[in-house]
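The values are calculated or read from the model by the stated rules, or taken from the named source; none is laboratory data. Computed from a predicted model, the values in this text were never measured in an experiment. Using ideal geometry, Cβ is built from the backbone for each residue, glycine included, and neighbour counts are taken over all protein chains shown. Protein only, heavy atoms only, side chains kept; ligands, DNA and RNA dropped before computing areas. Shrake-Rupley method; radii C 1.70, N 1.55, O 1.52, S 1.80 Å.
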Amino acid sequence: MTDKKSNAMWGGRFAAGPDAIMEAINASIGYDKRLAFQDITGSRAHAAMLAAQGIISDTDAQTIREGLLTVLSEIESGNFEFSTALEDIHMNVEARLKEIVGEPAGRLHTARSRNDQVATDFKLWTRDQMDAVVMGLEALINALLDQAEAGADWVMPGFTHLQTAQPVTWGHHMMAYVEMLGRDMSRFKDARARMNENPLGSAALAGTGFPIDRHMTAEALGFDRPTANSLDAVADRDFALEFLSCASITAMHLSRFAEELVIWSSAQFRFVTLSDRFSTGSSIMPQKKNPDAAELIRAKVGRIMGAMVALFTVMKGLPLAYSKDMQEDKEQVFDAADNLMLAVAAMTGMVSDMTANVDSLRAAAASGFSTATDLADWLVREAGLPFRDAHHVTGALVALAESKGCDLPDLSLDEMKSAHESITDGVYTVLTVENSVASRTSYGGTAPTQVRAQIARWREVLK
């Protein structure tokens, strides 16, 4: 009676009752088959080590290693039949290996557990993904450097609170994102260096009594060293959390830039024109050109950061060592990695294709009293006023210009002097946006000379 009620409750998906439910919740092959290459790479290294240590014969090791290549070929060609009943990628590979090579396949799992096996596979995959992200970020940085180089002299408004603040150069703005993405690259590289320890050989949780050589497998798999504690090795998912943390910060940076592209491409700003390749039309309004790619990039941070929170939540209450909860580690990382790479690629395409509307940028830079700070600085340098007094005088002149409906350079010298007698016609030399940006020559400033120096530095860094 209970089974009938269960079948009615769960319907066709679990028509076989509790056994089908358990199989469905327990299996991970639907997503961890992505670890096939890493799983087979780790198993080949493990088999070679077992033979070198005399734990299995050279003949068995060679048979296993060749059989594993056959399995990999079947998977990569799409001819491999994955089984949910076999739970995960490890058991699927091992079962197929046994069909191919027979009895020697049973020797492969000597001196290891699925616990250290999955930790090794997942680390290898995450390490590969970190390398891929760094390559993607390098491509995006190069696209930004090209934009910065083209527009090192183009003047645009710099904003605080999305209000016009001071003129900056287009190149300087592009280079701000180069710095952000450069930090992202360094975070991924730093996390990669920290994670690069080999869990293989930790077995279930306590290590093994077989005379294995963990340094040999570490070297074969490109790790710097074996992990130093078997309990920690099988229980650790810090590397995945660090990947998601780095990915979340990178996605946040991409989202900020995407937001600017959405604003800049609007009819109200017209700072940039995005290519048709990364825009869409409206189903009803023929005049529309929507920055959909930028908007989707802007949204990705929620998905990627959500993956980080999900994995933190999975891990936060787990006692040592391995718990089945940790099977929930991979889907979030896979999804975040896929979406981060897509966002980086889309942003690289948009940056490479976008056209800056130089006249609109210059006109906006000259509006909103953007050279008021230059006026205040001039009063300090040339008239000897304390900065707070210069700030007050400049504020009075801004108010005067606002009341007259003009900008600061449009005020007459007499009007300037009405705010302070020491003002001379030399003040007009600092009130153009071009002179303003050219004067910002402090290291890291917006002056074209400084922008070009930073571009050259980054070109050298990326060699």
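Taking 20 Å as the cut-off, the amide N atoms of the range 89-104 that come nearer than this to a point 7 Å along the Cα-to-beta-carbon line of residue 66 belong to 94-104.
Computed with a 1.4 Å probe over protein heavy atoms only, the accessible surface of the chain comes to 47 Å² per residue. Cα convex hull, the range 20-110: 87 Å³ per residue, rounded to a whole number.
Placing +1 on the Cβ of every Lys and Arg and -1 on the Cβ of every Asp and Glu, with no other charges, gives the range 241-339 a dipole of roughly 340 debye about its Cα centre.
Note on residue 37 and residue 382: the model spin-label points, each 7 Å out from Cα along the C-beta direction, lie 6.3 nm apart. Model label sites at residue 270 and residue 367, defined 7 Å from Cα along the beta-carbon direction, differ in position by 1.0 nm.
With contributions of -39500 (n - 2.57) from each DSSP H run of at least four residues, the per-residue ellipticity at 222 nm computed over the chain stands at -20000 deg cm²/dmol.
If the segment from residue 323 to residue 289 were pulled out straight at 0.36 nm per residue, it would be longer than the present Cα-Cα gap by 7.2 nm. The C-alpha atoms of the chain define a longest principal axis, and helix 89-101 lies at about 40 degrees to it. Note on residue 189 and residue 232: their simple-model spin labels are 2.5 nm apart, each label 7 Å out from Cα toward Cβ. Extension gain for residue 413 to residue 52 (0.36 nm times residue separation, less C-alpha to C-alpha distance): 121.0 nm. Relative to the Cα centre, the charge distribution of the chain, modelled as +1 at Lys and Arg Cβ and -1 at Asp and Glu Cβ, gives a dipole magnitude of about 420 debye.
By how many nm would the segment from residue 463 to residue 161 grow when fully extended, if each residue of separation counts as 0.36 nm and the alpha-carbon distance is taken off? Length gained, residue 463 through residue 161: 105.1 nm.
Normalised by the number of residues in the chain, the mean separation of alpha-carbon contacts (under 8 Å, six or more apart) gives a relative contact order of 16 percent.
Surface composition of the chain: carbon and sulfur make up 53 percent of the accessible area, probe 1.4 Å. In this structure, the amide hydrogen of residue 155, modeled 1.01 Å from its nitrogen in the peptide plane, lies closer than 5 angstrom to those of 170, counting only residues at least 5 positions away or on a different chain.
With a cut-off of 20 Å on the backbone N, the residues of the range 254-278 near the modelled label site 7 Å out from residue 176 along Cα-Cβ are 254-274. For the range 19-28, putting each phi into the Karplus relation 6.51 cos²θ - 1.76 cosθ + 1.60 with θ = phi - 60° gives couplings of 4, 5, 4, 5, 4, 5, 6, 7, 7, 10 Hz, in residue order, rounded to whole numbers and with x for Gly and Pro. Structure note, pairs 98/300; 98/330; 123/300: Cα-Cα distances above 31 angstrom occur for 98/300. Entry note, the range 368-462: relative contact order of 24 percent, from Cα contacts under 8 Å with a spacing of 6+ residues. The Stokes-Einstein estimate for the chain, based on a Kirkwood radius over Cα pairs and taken at 10 °C with 1.306 mPa s viscosity, is a diffusion coefficient of 60 µm²/s.
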